[in-house]
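Below is one structure, written out as structure tokens, with a few remarks after it.
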Amino acid sequence: MPTKTGPSRWYDLAVWARRRRGHLMEKPLCEMCEAAGRTERATIVDHCTPHRGNWELFLYGRLQSLCGPCHSGRKQQIECTGVDHGDRGGDYSCAVDVHGWPLDRERHPTWVEARKRAEKERERAEKAKSRLQNPEIEPFGPRQDGD
Ligand SMILES: [Zn+2]
């Protein structure tokens, strides 16, 4: 029974050692480095989704091979927001300012989305303006006074 030992000891269990070894044999390179075009030997097998003491996740959750620097970088990222962005490659910082806005304005998805939205908003405003300046394409047509 796994519940006899706490989550901190799960990594000592033979079942984990087997899983870890198997994963490293299958994926011997750091997956984050590989995604960034680097070749680095993986030394750590990390849970894609933090198991947070969940035995099922610990044992059956998806794993990824990481090198030391990528692993500690990812852990810091998780700690700073409580959100794990590992699945998205983690190529942006998720540090936030006092208002909760991400500091990485270039790459953070929040800003990327915000830029897209602002672009759409601008297009809409342009269209509205040209409609005002050109009454002939005014949707209801020029007003006609009958007799
Ligand atoms: Zn790496």
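Can you work out which of the residues in the stretch 1-32 that are in contact with a Lys or Arg (Cβ under 9 Å, 6 or more places away or on another chain) and either in a loop (DSSP other than H, G, I, E, B) or within 16 Å of the ligand (Cβ to nearest atom) (or both) is farthest from residue 71 (Cα to Cα)?
Filtering the stretch 1-32 down to residues in contact with a Lys or Arg (Cβ under 9 Å, 6 or more places away or on another chain) leaves 7, 11, 28-30, 32.
With either in a loop (DSSP other than H, G, I, E, B) or within 16 Å of the ligand (Cβ to nearest atom) (or both) added as a condition, the list becomes 28-30, 32.
Values: 28: 15, 29: 13, 30: 9, 32: 9 Å.
Residue satisfying both the conditions and the ranking: 28.
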Among the residues of the stretch 87-95, is any at pLDDT 90 or above, outside any loop (DSSP other than H, G, I, E, B) and not β-branched (Val, Ile, Thr)?
no
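The values are calculated or read from the model by the stated rules, or taken from the named source; none is laboratory data. Model, not experiment: these values are computed from the prediction. Virtual Cβ from ideal backbone geometry, glycine too; neighbours counted across all protein chains shown.
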